[in-house]
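To start, the structure under review is shown below, and the notes come after it.
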Amino acid sequence: MFGFGGIIGGFLGFLLGSFVGGPLFGIIGAVIGSSLGRGLSITQSRGGFGSQSQTTGADNLFFVSLFSMLGKMAKADGQVSDSEMNTVKQFMTRDLNLDPMLQAQAMNIFNNAQTSPESFEQYAQQFYMRFRNRPQFIQLMVDALVRVAYADNKVHPAEQHLLESAVRIFRVTSYTYESIKNRYSSGSRYSGGGSSYQSSSSSGSSYSSSYSSNSNLNYAILDCTSSSSDSEVKKAYRKKVSEFHPDKIAAKGLPAEFTKFANDKFREIQEAYEEIKKVRKF
């Protein structure tokens, strides 16, 4: 579980120690003021994101970036709907397993970002500059943004604009973007009023069964297309496995909450590849 105090105290130290400012510095200032005003502690705690013993300021930057950008996405159409709020709350509890105090801190960041003068694109650019070499974090960010955008089973033009901005700034391939969108778009079993993306281990059915009706999605998962050669498909598969293999994720010391997402993604990659192998017979 994420460590509560380290997020704010650790991130502030990261900003000051690294001379990193930018749009996220304003959010941190607002959140610290709000937290102190409500009597919440910002001292260092042990374990999880924000812990000096386990993580770095980069993890704190990811946390603050995530909920800042989700706040901007939810407010893009002028108001935050109940479905969007439910989606964010389920993401905090089901996907990230945040404890109640860190949920409050995440929600504080989420709320402050909605009215901050900085733009979504400014947050996205600062995030990308730090995580451009960590595709796992970028895909988790895009997954969360798409999930909130589709929470109402429709995407407002303003939300679509932000999604396209994120994809462009993060340099996410169209294949990856399409595979993520199809998890939450209308008609998908992942869509509908803030439902959470469930892995095959928890839902009792595999990812590939959801995508079997459209083989192009299996290729999208691997960042290739049906016109790719067998060697190109295999190369794309090896690259994806390298990015999301559980052993490599664990070796990087990433938090347990992120490991869950990576494991789900790894199963998705494996099952998509198996479906392609069956069709291509190699």
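The values are calculated or read from the model by the stated rules, or taken from the named source; none is laboratory data. None of the values given here were measured: they were computed from a predicted structure. Using ideal geometry, Cβ is built from the backbone for each residue, glycine included, and neighbour counts are taken over all protein chains shown.
For Tyr123, the criteria (1) at pLDDT below 90; (2) under 16 Å from Ala144 (Cα atoms) hold in every case but one, which is (1).
Could you please let me know if Ser242 is of a type in the set (S, T, N, Q), closer than 27 Å to Gln90 by Cα and modelled with pLDDT under 90?
Details: of a type in the set (S, T, N, Q): yes; closer than 27 Å to Gln90 by Cα: no; modelled with pLDDT under 90: yes.
No: the conditions fail for Ser242.
Report whether or not Leu222 is at pLDDT 50 or above, in contact with a Phe, Trp or Tyr (Cβ under 6 Å, 6 or more places away or on another chain) and more than 30 Å from Ser81 (Cβ to Cβ). Can you show your working first?
On the way: at pLDDT 50 or above: yes; in contact with a Phe, Trp or Tyr (Cβ under 6 Å, 6 or more places away or on another chain): yes; more than 30 Å from Ser81 (Cβ to Cβ): yes.
Spelling it out, Leu222 is indeed at pLDDT 50 or above, in contact with a Phe, Trp or Tyr (Cβ under 6 Å, 6 or more places away or on another chain) and more than 30 Å from Ser81 (Cβ to Cβ).
Do we find that Val80 is under 16 Å from Leu145 (Cα atoms), not in a helix (DSSP H, G or I) and not small (Gly, Ala, Ser) in this structure?
Values: under 16 Å from Leu145 (Cα atoms): yes; not in a helix (DSSP H, G or I): yes; not small (Gly, Ala, Ser): yes.
Against the criterion (under 16 Å from Leu145 (Cα atoms), not in a helix (DSSP H, G or I) and not small (Gly, Ala, Ser)), Val80 qualifies.
Looking only at residues in segment 88-110 that are crowded, with 18+ Cβ neighbours inside 10 Å, out of contact with any Ser or Thr (no Cβ under 8 Å at 6 or more places or on another chain) and part of a helix (DSSP H, G or I), the one that is modelled with the highest pLDDT is Val88.
Each row is one residue, and each column tells you yes or no for (1) modelled with pLDDT under 90; (2) touching a Ser or Thr at 6+ places or on another chain (Cβ under 7 Å).
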| position | (1), (2) |
| --- | --- |
| Ile169 | no, no |
| Gly194 | yes, yes |
| Leu217 | yes, yes |
| Lys235 | no, no |
| Ala256 | yes, no |
| Glu271 | no, yes |
| Lys277 | no, no |
| Phe282 | yes, no |
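Considering segment 52-80, and only residues there that are under 20 Å from the mean Cα position of the chain (by Cα) and among the small types (Gly, Ala, Ser), the residue that is modelled with the lowest pLDDT turns out to be Gly57. Of everything listed in (1) within 22 Å of Asp223 (Cα to Cα); (2) under 15 Å from the mean Cα position of the chain (by Cα), the single unmet condition for Arg94 is (1).
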